[in-house]
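> If you scroll down you'll find the structure; I have some questions about it.
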Amino acid sequence: MYDFAYHRPDNLDDAANILKINPEATVLAGGMTLIPTLKLRLANPSDVVDLSAIDSLNVLSVAGEKVSVGAMTTHSDVSTSKELMETIPGLSRLAKGIGDPHVRHRGTIGGSVANNDPAADYPAAVLALNASVNTISRTINADEFFTGQFATVLEEHEIITSIDFPIPRRSAYEKFSNPASRYAIVGVMVADTEAGVRVAVTGAGPSVFRVAKMEEALSNDFSADAIAGITLSADDLNSDIHASSEYRAHLVSVMAMRAVNSALTQ
Amino acid sequence: MPTVSLTINGKKVVADVEGRTLLVQLLREGQRLTGTHVGCDTSQCGACVVHVNGKAVKSCTMLALQADDSEVETIESIANEGELHPMQAAFKEHHGLQCGFCTPGMVMAAIDMVNRIPNLDEETVRHELEGNFCRCTGYHNIVQAILAGSKAMQS
Ligand SMILES: Cc1cc2nc3c(=O)[nH]c(=O)nc-3n(C[C@H](O)[C@H](O)[C@H](O)COP(=O)(O)OP(=O)(O)OC[C@H]3O[C@@H](n4cnc5c(N)ncnc54)[C@H](O)[C@@H]3O)c2cc1C
Ligand code: FES
Ligand code: FES
């Protein structure tokens with residue numbers, strides 16, 4: 001690892017200032033992606049700005065029809081939050097399936113969403129639940145947020161502060177995990193929301209995406225049978241040593257049906 | 001050079017570190033607490049698991065400076081005046097180790113597991129071990145040890 005200057009500001013203004021003065025600085029949340037990246041010398045920041053002392057980023061609250069999850073909320077806190085289990089159990093179950101207990105103790109929702117790993121779990125929840133991503137300067141709708149592999153609309157140094165999830169009527173996430181890393185080979189989140197039924201797929205393509213045909217079918221009939229005949233073309237899907245694109249296309253249908261069934265039994 | 005100040009196994013420690021110094025380096029190289037192991041360096045194997053503020057974390061994937069002001073517990077702290085911790089005793093009794101390389105991380109992960117989940121069953125233990133790799137045992141005896149250690153810790 002190359003050396004860097006480490007900062008742990010206790011408020012957002014100071015964090016933003018350090019980032020402004022140091023163009024080569026980077027933000028550190030749980031470090032579960034960034035530290036392995038630094039160890040491999042794939043990044044060489046001059047400064048690392050740890051957000052963990054900024055208390056306002058570590059708040060989880062239910063207000064009216066939505067749940068607001070602070071960017072620094074760990075996967076473990078999301079998975080054990082009573083408020084979430086009562087309002088969006090699909091989201092707490094998703095968090096419980098990320099990595100392993102030690103990763104969940106450190107990794108955060110903000111880091112996962114900012115990173116937009118093609119095999120990460122949270123992007124599927126953000127997109128399916130029609131969440132909005134709040135940053136230090138604006139609010140971004142889920143449909144606009146994810147732009148490609150490891151890419152989002154976030155500007156350089158734009159800090160995510162929280163993510164607002166409208167409470168759905170029901171939702172569930174099912175993933176076929178890589179048995180070694182636990183990342184999604186294919187993960188599907190299905191949500192029956194105010195904005196209609198939304199189906200988001202992670203792991204299968206370069207970035208999370210929605211499946212309009214399934215959404216339409218489920219809007220008419222929210223049952224696994226309604227989407228039994230819908231398959232994706234393998235053309236644009238990922239193919240690697242873990243799974244071919246044809247296999248991933250097949251898994252999308254299977255995981256989507258499982259997700260509908262588990263949403264119905266929650 | 002930045003300074004980190006924390007409590008390690010009940011002892012106040014102040015040390016000069018670099019920004020990039022990992023917690024596991026501070027423990028092993030700075031404090032000579034070599035019970036905590038480094039098995040992979042890619043954040044996957046769990047040989048480096050210690051408790052930070054009561055939670056199991058991979059000390060190879062945390063900067064020493066991130067642990068500033070924290071309470072860190074390592075495998076060296078859990079035996080009580082020469083008497084094994086009930087989880088250590090259970091690993092010994094159930095042959096939960098062969099070469100022993102993964103064992104410090106396994107034991108620290110197991111204690112964290114019991115702290116979070118009071119009524120462990122076999123399936124839960126197997127899932128909870130997803131972040132701890134063992135190249136020797138085939139896991140079976142580790143699972144048995146954790147189930148027994150869990151009972152012993154609660155009795
Ligand atoms: C062994 C292992 C298994 C894993 N398995 C899974 C899995 O099954 N599913 C899954 O989804 N993930 C998995 N992960 C990844 C894990 O969920 C990470 O925690 C997550 O991807 C990144 O979150 P972090 O808080 O650790 O972010 P960091 O590593 O600290 O940061 C990641 C990136 O996001 C940026 N960033 C962080 N916070 C913010 C913010 N608030 N605003 C703007 N930018 C920010 C950082 O600058 C950096 O570029 C795994 C990781 C490991 C090590
Ligand atoms: S050495 Fe830390 S996870 Fe392997
Ligand atoms: S006992 Fe040898 S690695 Fe687990």
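Coordinate-derived values only; no laboratory data. The shown structure was predicted, so the numbers you read here are calculated from the model rather than taken from an experiment. Note that each Cβ is placed from the backbone with ideal geometry, even for glycine, and that neighbours are counted across all protein chains shown.
> Return the distance in nm (one decimal) between the two label points of a simple spin-label model at residue B:93 and residue B:123, each offset 7 Å from Cα along Cα→Cβ.
Taking the two extended label points, one gets 2.6 nm.
> Kindly write out, for the range A:29-45 in residue order, the coupling ³J(HN,Hα) from the Karplus curve 6.51 cos²θ - 1.76 cosθ + 1.60 (θ = phi - 60°), rounded to whole Hz, with x marking Gly and Pro.
Each residue of the range A:29-45 in turn: 10, x, x, 6, 10, 5, 5, x, 5, 5, 4, 7, 6, 8, 9, 9, x Hz.
> Could you pull out the pairs from B:55/B:151; B:11/B:55; A:175/B:55; A:175/B:151 whose alpha carbons sit more than 22 Å apart here?
Violating the 22 Å Cα-Cα cut-off are A:175/B:55; A:175/B:151.
> Sticking with this one: Report relative contact order for chain A in percent, whole number only (criteria: Cα-Cα under 8 Å, sequence separation at least 6).
This gives 15 percent for chain A.
> May I ask for the percentage of alpha-carbon pairs in chain A that lie more than 32 Å from each other?
21 percent
> Under a Cβ-only charge scheme (Lys and Arg +1, Asp and Glu -1), can you give me the dipole magnitude of chain B about the Cα centre, in debye to the nearest 20?
180 debye
> Other chains near B:12-19: what is the mean number of their Cβ atoms within 10 Å of each residue's Cβ?
2
> Quickly estimate the mean residue ellipticity at 222 nm for chain A, helices only: each DSSP H run with n ≥ 4 gives -39500 (n - 2.57), and the total goes over all residues, rounded to 500.
Calculated mean residue ellipticity at 222 nm is -9000 deg cm²/dmol.
> Along the range B:88-101, what does the Karplus equation 6.51 cos²θ - 1.76 cosθ + 1.60 (θ = phi - 60°) give for ³J(HN,Hα), rounded to whole Hz, x for Gly and Pro?
So the Karplus estimates, Gly and Pro as x, are 5, 4, 5, 4, 5, 4, 9, 6, x, 8, 10, 6, x, 5 Hz.
> Output ³J(HN,Hα) for the range A:166-178: one whole-Hz value per residue in order, computed from phi by the Karplus curve 6.51 cos²θ - 1.76 cosθ + 1.60 with θ = phi - 60°, and x for Gly and Pro.
Karplus-based 3J(HN,Hα) across the range A:166-178 equals x, 6, x, 5, 7, 6, 7, 10, 10, 10, 9, 8, 5 Hz.
> Mind jotting down the distance between the C-alpha centroids of the range A:116-130 and the range A:252-266, whole Å?
16 Å
> Let me know the charge dipole size of the range A:5-53 about its Cα centre in debye, to the nearest 20, where only the beta-carbon of Lys, Arg (+1) and Asp, Glu (-1) is charged.
So the magnitude is around 280 debye.
> Now a separate question. Report, as an integer, the average count of C-beta atoms from other chains found within 10 Å of each Cβ along B:49-62.
Mean inter-chain Cβ contacts per residue within 10 Å come to 4.
> If you don't mind, another one. Checking the table A:66/A:96; A:39/A:66; A:39/B:12; A:66/A:213 against a 31 Å threshold on Cα-Cα, which pairs fail?
A:39/A:66
> Amide H of residue A:134: which non-local residues (sequence gap of 5 or more, or other chain) have their own amide H closer than 5 Å, using H built in the peptide plane?
Here the answer is A:140, A:161, A:162, A:163, A:164, since their amide H atoms fall under 5 Å of that of residue A:134.
> Quick one: compute the contact order of chain B, relative version, from alpha carbon pairs under 8 angstrom and 6+ residues apart, as a percent.
25 percent
> Hey, another quick one. Could you tell me the extents of the range A:43-116's C-alpha atoms along the three principal axes, largest first, rounded to whole Å?
43, 26, 20
> May I pose another question? Comparing A:209, A:222, A:146, which has the greatest mean-square fluctuation in the GNM of chain A with Cα pairs linked when under 10 Å apart?
Residue with maximal mean-square fluctuation among A:209, A:222, A:146: A:222.
> What is the distance in Å between the Cα centroid of the range B:56-78 and that of the range A:30-84?
After rounding, the separation between the Cα centres reads 18 Å.
> What share of the DSSP beta bridges in chain A is antiparallel, in percent to the nearest 5?
That works out to approximately 85 percent antiparallel.
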